[in-house]
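Take a look at the structure set out below.
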Amino acid sequence: MADFLPLFIQQLFNGLSLGAIYALIAIGYTMVYGIIGMINFAHGEIYMVGAYVGLVAVTAIGTQSGLPIWLIIAVMLVLSVTVTGVYGFAVERIAYRPLRSSPRLVALISAIGMSIFLQNWVGLGQGTRDMAVPSLISGAYTLQMGESFEITIAWSRLMIIGVVLALMIALTLFIQHSRMGRASRACSQDLQMAELLGINTDRVISFTFVLGAVLAAVGGVLIAITVGKLNPFIGFIAGIKAFTAAVLGGIGSIPGAMLGGVLLGVAETLAAGYISSEYKDIVAFGLLVLILLFRPTGLLGKPEVEKV
């Protein structure tokens, strides 16, 4: 019992960093669904592509180049968000725009096909084996808790929390105060009426896909630096977890996606710490089932109103 609190704090910190990544990816799901009512199941692969672009960038620069670490990471992020922004735009134009008026099942099949295509596209180009990512940020801060336990706070995970927190604040301010943010909110409330009022809904939808891809790319680079390895299939499980986080918080709600990601990450790490790492997925998805049983719209979601 003496070690309960230190272990809890350690797992809570680990869960916050993992949940922050889930939240970044989940925002892409929830923004697309909030505007066009469709699920972009290729979004997890965009996250994977972002991680690979970051790896290519750091390989090209070299860890022994003499450049400051922060500058190398900045270059990785800039290249990653640029490339994945193009991928996000292409996914919307190829897999969604032609099918926007089709039944949702058709768009869902198209998204799954795009997901498989991107997996194989990267696999053919980079190989399907695990690839090592250089450890750019090493070391940790150690906090002694009692005589027999200490908390280790890795600088890389602290960086994840800091970067994601800054992005969440910036996104919130952008959605609330920018012209495109107001247009996005108008489209999420009533897409047809927004178009009648003169809003270029095609541009707003494309922007939503690009913004979601940019956030996912940041998550991909950060987790690649922290974990130290990646392969073309990391996007599938991360995408499913992020989609779960979006549903948990309330699909269509950006604050809900943030909350759902954090709750899912914390639930996973606590399950791994107190039960077994083999049970973390059971606990995470069991939490989702319980939430949907008692609150089908998610924690912060609102009941969908039928449009006449």
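The values are calculated or read from the model by the stated rules, or taken from the named source; none is laboratory data. Note that the structure is a prediction, hence the values are computed from the model and not measured. As a convention, Cβ positions derive from the backbone with ideal geometry for all residues, glycine included, and neighbour counts pool all protein chains shown. To get the accessible areas, we keep the full protein, side chains included, count just its heavy atoms, and leave off ligands, DNA and RNA. Shrake-Rupley method; radii C 1.70, N 1.55, O 1.52, S 1.80 Å.
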For this session: Run down Ile46, Ile9 and say which single residue is surrounded by fewer than 16 Cβ atoms within 10 Å (Cβ to Cβ) and either modelled with pLDDT of 90 or more or in a helix (DSSP H, G or I) (or both).
Result: Ile9
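If a residue has to be of a type in the set (Val, Ile, Thr) and over 20 Å from Ala217 (Cβ atoms) to count, how many in region 119-155 make the cut?
5
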Problem set entry | Search result, residues across region 200-247 that are surrounded by fewer than 18 Cβ atoms within 10 Å (Cβ to Cβ) and either among the charged types (D, E, K, R) or more than 15 Å from Glu92 (Cβ to Cβ) (or both) | Asp202, Arg203, Val227, Gly228, Lys229, Phe233, Phe236, Ile237, Ile240
Problem set entry | The lone exception for Ile153 - which of (1) among the aliphatic types (A, V, I, L, M); (2) closer than 30 Å to Ser206 by Cβ; (3) in a strand (DSSP E or B) it fails | (2)
Exercise. Which condition does Gly265 not pass, out of (1) within 21 Å of Ser115 (Cβ to Cβ); (2) touching a Phe, Trp or Tyr at 6+ places or on another chain (Cβ under 7 Å); (3) assigned to a helix (DSSP H, G or I), if it passes all the others?
Worked result: (1)
Exercise. Condition test on Ala95, is it open to solvent by less than 50 Å² (accessible area, probe 1.4 Å) and either in contact with a His (Cβ under 8 Å, 6 or more places away or on another chain) or part of a helix (DSSP H, G or I) (or both)?
Worked result: yes
Exercise. Is there a residue in region 51-64 that is modelled with pLDDT under 95, among the polar types (S, T, N, Q) and either in contact with a helix residue (DSSP H, G or I) (Cβ under 8 Å, 6 or more places away or on another chain) or open to solvent by less than 50 Å² (accessible area, probe 1.4 Å) (or both)?
Worked result: yes
Exercise. So which pairs qualify, if the first residue must be in region 232-249 and part of a helix (DSSP H, G or I), the second must be of a type in the set (Val, Ile, Thr) and buried (at least 24 other Cβ atoms within 10 Å of the Cβ), the Cβ gap must be under 6 Å, and the two must be at least 6 apart or on different chains?
Worked result: Ala242/Ile25; Ala246/Thr30
Problem set entry | Verdict on Arg104 being open to solvent by 50 Å² or more (accessible area, probe 1.4 Å) and either in contact with a helix residue (DSSP H, G or I) (Cβ under 7 Å, 6 or more places away or on another chain) or modelled with pLDDT under 85 (or both) | yes
For this session: Would you mind stating whether Ala90 is at pLDDT below 85, within 18 Å of Met31 (Cβ to Cβ) and surrounded by 13 or more Cβ atoms within 10 Å (Cβ to Cβ)?
Result: no
Seminar exercise, completed: Reported set for region 277-308 where residues are outside any helix (DSSP H, G or I), farther than 25 Å from Gly212 by Cα and modelled with pLDDT of 80 or more is Arg295
For this session: Could you tell me whether Ile25 is of a type outside the set (S, T, N, Q), in a helix (DSSP H, G or I) and open to solvent by less than 60 Å² (accessible area, probe 1.4 Å)?
Result: yes
Seminar exercise, completed: Of the residues in region 156-184, those that are over 24 Å from Gly220 (Cα atoms) and either in a helix (DSSP H, G or I) or touching a residue at least 24 places away in the same chain (Cβ under 8 Å) (or both) come to Gln176, His177, Arg179, Met180, Gly181, Arg182, Ala183, Ser184
For this session: Would you tally the residues in region 65-87 being at pLDDT below 90 and open to solvent by 60 Å² or more (accessible area, probe 1.4 Å)?
Result: 4
Problem set entry | Meets criteria (free of Cβ contacts under 8 Å to residues at least 24 places away in the same chain and of a type in the set (Phe, Trp, Tyr)) for Phe207 | no
For this session: Filter region 70-111 down to residues that are touching a residue at least 60 places away in the same chain (Cβ under 8 Å) and small (Gly, Ala, Ser), then give me how many there are.
Result: 5
